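Written out below as structure tokens is the structure these notes cover.
What follows draws every value from the coordinates through simple rules; no lab data is involved. If you're wondering where the values come from, they're calculated on a predicted model, not measured in any experiment. Cβ placement follows ideal geometry from the backbone for every residue including glycine, while neighbour counts extend to all protein chains displayed.
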Amino acid sequence: MTAADLVRRWDDQQAAYIAEREQRFAVMTDVLRHVVGDESATVLDLACGPGSLAARVLDAIPNVRIVAVDYDPVLLELATDYLAPYGDRVRIVDADLTSGWREVVAEEGFAGAVSTTALHWLWPADLVRLFGEVTEVLRPGGVFLDGDHFRFDGRAPRIARWAADHDRRTQEEAFAAGAQTWDRWWGSLSERPGHAARVAERERRFAGRDATPSTAVDFRLAALSQAGFAEVGTVWQLYDDYVTYAVRG
Ligand SMILES: C[S@@+](CC[C@H](N)C(=O)[O-])C[C@H]1O[C@@H](n2cnc3c(N)ncnc32)[C@H](O)[C@@H]1O
């Protein structure tokens, strides 16, 4: 199976867990277009996975180059293959967002930074540190967009139930329409040459990282302000799925 086939299946699988995922991407791309304008610009994709969002941005904004960062050797290999047709408009970086990624990226002045369905893997203290680092690598006026589930907590029990019910229905419909589950998708990578070694390396890298507590959107917004962003808010929401934006002053 080609990288493009695998990423198409990844997108279907992810859309089972993230309702209206393409809308989320479209909003992020639209905001980036405002910020970037007509000049050449570089955008960071933090925890890029196989490159779904990077590809959307590269297709939508021809004057953008992407620096795509991830720490999973399996997904980095797939992203490298999938994004190869974009040539030097893409640079893929193997780095851990909890430690030392700025040194590995070794670039600054980004017009934007984006992330989707990823930063909930980080502990709140690591998130606050990451947000501070992102302010420092953005150019003035640069925007950081983060699309993810920010789960409702005990303060909002009704909407938490409605959101969970919506998630359940989204998954049922997607799987009935043929989407793979998370586990099945990962199984379909096993025939890629060198896969076992990359899985072993991933297990070594992520060993001992405990599941993180979910955080509500108000924590995210407060953390972004605390990190020094000048303007902070949400540009999109569907139940507990949001896109936050934060502009460097
Ligand atoms: C569910 S995937 C989302 C991938 C992609 N952004 C998308 O929306 O299709 C979560 C990603 O976060 C990455 N990730 C988790 N912890 C990370 C860390 N500490 N540093 C870099 N990437 C990390 C994983 O490797 C994975 O690619």
Quick one: order 70, 11 by neighbouring beta-carbon count within 10 Å, fewest to most. 11, 70
Quick check on the chain: take the gyration tensor over C-alpha atoms, sort the square-rooted eigenvalues as a ≥ b ≥ c, and tell me if it's rounded (a/c under 1.5), prolate or oblate. rounded
When the charge dipole of the chain is computed with +1 on Lys and Arg Cβ and -1 on Asp and Glu Cβ about the Cα centre, the Cα farthest towards its positive end, among 64, 105, 47, belongs to 47
If the elastic network links every pair of Cα atoms under 10 Å, which of 41, 223, 125 fluctuates the most in the Gaussian network model of the chain? 125
Among 194, 37, 237 the positive-end extreme of the charge dipole of the chain (Cβ point charges): 237
Net charge near residue 170, counting Lys/Arg +1 and Asp/Glu -1 over other residues with Cβ under 11 Å of its Cβ? -3
About the Cα centre, and with charges only on the beta carbon of Lys, Arg (+1) and Asp, Glu (-1), how big is the dipole of the stretch 32-81? Nearest 20 debye, please. 180 debye
Which of 226, 180, 171 moves most in a GNM of the chain, Cα contacts under 10 Å? 226
Let's see if you can work this out: charge +1 on each Lys and Arg Cβ, -1 on each Asp and Glu Cβ, no other charges. What is the dipole magnitude of the chain about its Cα centre, in debye to the nearest 20? 280 debye
Gyration tensor on Cα atoms of the stretch 1-85, a ≥ b ≥ c root eigenvalues, a/c under 1.5 rounded, else prolate if a/b beats b/c, else oblate, says oblate
³J(HN,Hα), Karplus 6.51/-1.76/1.60, whole Hz, each residue of the stretch 97-104, x for Gly, Pro: 5, 8, 6, x, 5, 5, 5, 6
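Longest segment of the chain with no trypsin sites (Lys or Arg not before Pro) in a DSSP loop having at most 12 other Cβ atoms within 10 Å?
1-154
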Taking a ≥ b ≥ c as the square roots of the eigenvalues of the Cα gyration tensor of the stretch 54-182, is the shape rounded (a/c under 1.5), prolate (a/b larger than b/c) or oblate? oblate
